[in-house]
1. Which one is farthest from Gly202 (Cα to Cα), of the residues in the stretch 272-290 that are among the charged types (D, E, K, R) and crowded, with 18+ Cβ neighbours inside 10 Å?
2. Out of all the residues in the stretch 464-472, is one or more among the small types (Gly, Ala, Ser) and outside the structural domain of Glu593 (by TED's automatic domain parsing)?
3. Considering only the stretch 402-493, give the helices (runs of 4 or more DSSP H) lying wholly within it that have at least 3 residues that are surrounded by fewer than 16 Cβ atoms within 10 Å (Cβ to Cβ) and modelled with pLDDT of 90 or more.
4. Can you name every residue in the stretch 551-583 that is within 23 Å of Phe603 (Cβ to Cβ) and either β-branched (Val, Ile, Thr) or without any contact (Cβ under 8 Å) to a residue 12 or more places away in the chain (or both)?
5. Give the residues of the stretch 330-349 that are in contact (Cβ under 8 Å) with a residue 40 or more places away in the chain and within 19 Å of Glu409 (Cα to Cα), sorted by residue number.
6. Report whether or not Arg482 is basic (Lys, Arg) and without any contact (Cβ under 8 Å) to a residue 60 or more places away in the chain.
7. Of Glu61, Glu82, Glu101, which residue is farther than 30 Å from Gln221 by Cβ, modelled with pLDDT of 75 or more and loosely packed, with under 14 Cβ neighbours inside 10 Å?
Amino acid sequence: MADQNIKVDQEPPSVASQDGKLHEKIDRFISALNGDDQSSPPEITESVQTFADLFDVMIVEHESGSKRWIQLEEDASSLFIESIDRTAKLLKSLSRFHSDENYAAAINRLSGVQQRAMCVLEVEFKSIMDDYQTSYDRDRKNKPDEAKRKQLSSSSSNVQETPEPELPDQSESQPVKDEFLGYSDEMSSNLNKLAQGLISGGHETECCELYLFVRRNAMEQNLKLQRFEKFSIDEMQKMQWEPIEKEVVSWMKLFKEFSTSLLPSERRLADAIFSGHTTISDRLFSNLTRIILLYFLSFAEAVMLTKRSAEKLFKFLDIYETVRDVIPEVEKLISAERLQQLKSGASLINTIIGESIFNIFIELENSIKSDATKTPVPGGAVHPLTRYTMNYLKYACEYSDTLEQVFQEHKKIDGESQNQSNYGSQLARIMDLLDANLEAKSRLYKDPSLSLIFMMNNGRYILQKTKGTGEMRSLLGDPWVRKQSSDLRNYHTSYKRETWTRLLQCLSHEGLSVNGKVMKPVLKERFKSFNAMFDDIHKTQTTWVVSDEQLQSELRVSISAIVIPAYRSFMGRFSQVFTPGRQTEKYIKYQPEDIETCIEELFDGNTGQSKKR
């Protein structure tokens, strides 16, 4: 090789001697090589050999370890990068005459020097890139525990020759980049110079691979420290839902931090290190974003592919909203030409999530249709299906805007008409199915009055839940609410007619008097019938259940309003017919006050024996 034939009669020239005059000579020689008159190659000037020798000295200092990049003065590091750039230009110009023996020797000499320089830069670049770990671990772990930090510093003093850098002043506001990524401005500046050198020296690919490798490892390390688990689809399938729910909560928090804190910092770091090379920084940042984004979206997909069930709806909705809200923030950081691939991946995941949410609602419809239990609820109380469905819908309506979006998107995918498949109509359909199911269940009761109490209880529960949830009321609309209220009034009226009309017939004056004289045997029979019938109603309907206090009160008040005045009037007119004493006590079992007390005991769900009067 040409460099092995160099005769050195004195100390190697110092780096400082590589001054502007030598650079000017090299630049003039490059200009001459690139000139129009190329009939014969110009003679290689001595400055080329001198330049190669001086650059070789600089490289040897780095290869021997006597000088590290971070120890260089600003001028020295800039000179090293300038030398790489000038060598690259020189090699390109010399290559035009590579067939010439002298030119071939010069190219060989400079190529060897340049290749060693690239190795130096790659080592230094990776070393400084990796140094984020020192800053990261120190700031994130050891800073809160000062005693522990001092202990670690003391124990490592025997093996660390270089002093540990001072901790940043946490009392002052630090840039997000410094706080999280662990690169100081000085480190970023050095990395920028090294990147410039590697790119100009033809090692752009190696530089980018190093950068991507280190930053990917850094981000993965951060996710592990935040206890983010990268579950596979198979692993997720085997997990119980409760631990998955907890993982979803952590995932949501980290995914939001990913878009608002981590990614903007990564964008600034890439732009700082590759300033002047926008295409490269865009590509690296986009690749890194896509890799880490895939972690988050793969988790979402794995959750979606678990067995569908109604209980999972709300976490599915949380995931859908998180992806929907985070992706636009990520998109803001990525250049337009690299955006499509990212958007298509996120769109696919959201489509999968939306499809799962839509199908859960379809399955909710099916579960209501298929609930055909033949055992009536004791006492005509609110059916578990009603409680479950209404509470489920109440929570679902907290996501009404998101669900509307999901149903609209599903409509576009399936090509349905604009009047179908939105969340409001879906909600109304579920309510109709629930109402039809309850009607069927009401027919399981042998007592028509109890059937009506059952419908009142369930109708009242549905109405109260609807009124108490603004979103649900808004979606179902006032006409639906008015119809539900009207149905309740009709049930109430029918119940009073079914239960109390026959009782009130006992208090009818018709047939009691003949020619103005009260027929005592008929009167006795009327009181006996009333007492027996009222006893039976009281005994039966105290076991019935009306848990809604307002409905219970309304029923008691309306019953009292028709029974007590009629009884008081009947007793007031005919009680004197009986002989005072035993006869009166035998047939007039209740006073109006007793009737009122008994009515106040109705619908308490008392399954024991009724109280003695």
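The values are calculated or read from the model by the stated rules, or taken from the named source; none is laboratory data. What you are looking at is a predicted structure, and each value in this text was computed from that prediction instead of being measured. Cβ coordinates were reconstructed from backbone atoms using ideal geometry, including for glycine residues, and neighbour counts include every protein chain displayed.
1. So, considering only residues that are among the charged types (D, E, K, R) and crowded, with 18+ Cβ neighbours inside 10 Å, the one farthest from Gly202 (Cα to Cα) is Asp282.
2. The answer is yes; a qualifying residue exists.
3. The qualifying helices (runs of 4 or more DSSP H) are 423-442, 448-467.
4. Passing the criteria: Ser553, Val557, Ile559, Ala561, Ile562, Val563, Ile564, Pro565.
5. Scanning the stretch 330-349 gives Gly345, Ala346, Ile349.
6. Yes: the conditions hold for Arg482.
7. The match here is Glu101.
Every residue, every condition in (1) touching an Asp or Glu at 6+ places or on another chain (Cβ under 9 Å); (2) among the aromatic types (Phe, Trp, Tyr), yes or no:
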{"residue": "Tyr445", "(1), (2)": "no, yes"}
{"residue": "Ser449", "(1), (2)": "yes, no"}
{"residue": "Arg473", "(1), (2)": "no, no"}
{"residue": "Arg497", "(1), (2)": "no, no"}
{"residue": "Arg502", "(1), (2)": "no, no"}
{"residue": "Leu507", "(1), (2)": "no, no"}
{"residue": "Val518", "(1), (2)": "no, no"}
